[in-house]
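Remarks on the structure that follows.
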Ligand SMILES: [Zn+2]
Ligand SMILES: [Zn+2]
């Protein structure tokens with residue numbers, strides 16, 4: 001069970017990846033490769049990559065809520081576009097009421113869509129072109145702007 005260094009409370013559910021749901025502080029994340037430790041947002045902004053060595057490092061709370069459609073389209077979790085979409089959701093959308101509503105609606109609908117997409121190569125190619133690529137491009141721009 002993750003525990004927050006800031007307020008000392010343990011919790012089971014994340015509201016945003018890497019963030020204490022009780023006090024809102026970023027949790028500390030340590031890179032498995034170089035042992036570099038930083039606030040979770042440093043890793044999230046790099047799309048889950050260690051800011052020092054680039055090794056992919058799992059941020060607590062991030063994995064369970066992967067983007068169903070993007071994952072179905074690419075067949076694995078780690079594609080750069082998938083990480084960019086997750087980053088958009090975890091850093092930008094959750095801050096706005098409309099964004100949270102969108103995320104909730106999306107997560108309600110996407111497992112069914114993802115199953116359909118996973119079954120058909122044509123749908124996969126289509127989803128990649130019309131949904132995932134453009135969304136990832138927007139996500140990249142929004143998260144870059146959000147950081148400044
Ligand atoms: Zn806390
Ligand atoms: Zn590292």
Among the residues of the range 4-33, what is the count of those that are assigned to a strand (DSSP E or B) and either within 16 Å of ligand 2 (Cβ to nearest atom) or exposed (fewer than 13 other Cβ atoms within 10 Å of the Cβ) (or both)? 4
A careful count of residues in the range 39-49 that are within 16 Å of ligand 1 (Cβ to nearest atom) and surrounded by fewer than 19 Cβ atoms within 10 Å (Cβ to Cβ) gives 1
Selection from the range 56-77 of residues more than 17 Å from residue 41 (Cα to Cα), modelled with pLDDT of 65 or more and assigned to a loop (DSSP other than H, G, I, E, B) yields 67, 75
Given the conditions (1) within 16 Å of ligand 1 (Cβ to nearest atom); (2) farther than 25 Å from residue 103 by Cβ; (3) surrounded by 14 or more Cβ atoms within 10 Å (Cβ to Cβ), which single one is not true for residue 36? (1)
Do any residues in the range 27-38 that are under 14 Å from residue 17 (Cα atoms) and without any contact (Cβ under 8 Å) to a residue 60 or more places away in the chain have Cβ atoms under 7 Å from those of residues that are within 6 Å of ligand 2 (Cβ to nearest atom) and not in a loop (DSSP other than H, G, I, E, B), where the two are at least six apart or on different chains, and which pairs are they? none
Failed criterion for residue 86 (all others in (1) assigned to a loop (DSSP other than H, G, I, E, B); (2) at pLDDT 75 or above hold): (1)
Hits in the range 1-26 (condition: under 20 Å from residue 99 (Cα atoms) and either near ligand 1 (Cβ under 9 Å from one of its atoms) or in contact (Cβ under 8 Å) with a residue 60 or more places away in the chain (or both)): 15, 16, 17, 18, 19, 20, 21, 24
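The values are calculated or read from the model by the stated rules, or taken from the named source; none is laboratory data. None of the values given here were measured: they were computed from a predicted structure. Virtual Cβ from ideal backbone geometry, glycine too; neighbours counted across all protein chains shown.
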